[in-house]
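The values are calculated or read from the model by the stated rules, or taken from the named source; none is laboratory data. It should be emphasised that the depicted structure is a prediction, and the values quoted were computed from it without experimental measurement. Using ideal geometry, Cβ is built from the backbone for each residue, glycine included, and neighbour counts are taken over all protein chains shown.
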C-alpha cells in the first residue's frame, strides 16, 4: 500500500465530498488489487486469508465510507441538482 497523501481542506471553499469520494475510489482500487492477488495465489491458506481481508475491507467501505458520502452529499448550501448528481455518484 502507498502512503496516504495529506490533504488540507479549506472549510469555506473546500469540497469535502469530492475529497471523500476520491478516498473511496482509492480504497476500491486497493480492494480490486487485493482480489487480483487472490487469483494469482495458489496456496489455499493464503487465498482464504486474502478473501477474508477483501470481505472485511468491502464491509468497512460500505458501512462507514459510503454512509459518510451520503451525509456529505447534501451537507452545506448545495443546490438540489448538485445533491442529486452527488447521490448518483455514490
Looking at region 71-90, which of its residues are under 15 Å from the mean Cα position of the chain (by Cα) and surrounded by 14 or more Cβ atoms within 10 Å (Cβ to Cβ)? 72, 73, 86, 90
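Please specify each residue of region 49-67 satisfying the condition of being farther than 22 Å from residue 89 by Cα and either touching a strand residue (DSSP E or B) at 6+ places or on another chain (Cβ under 7 Å) or loosely packed, with under 12 Cβ neighbours inside 10 Å (or both).
Within region 49-67, 52, 55, 56 meet the criteria.
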Being modelled with pLDDT under 80 and at positive phi is the requirement here; does residue 14 meet it? no
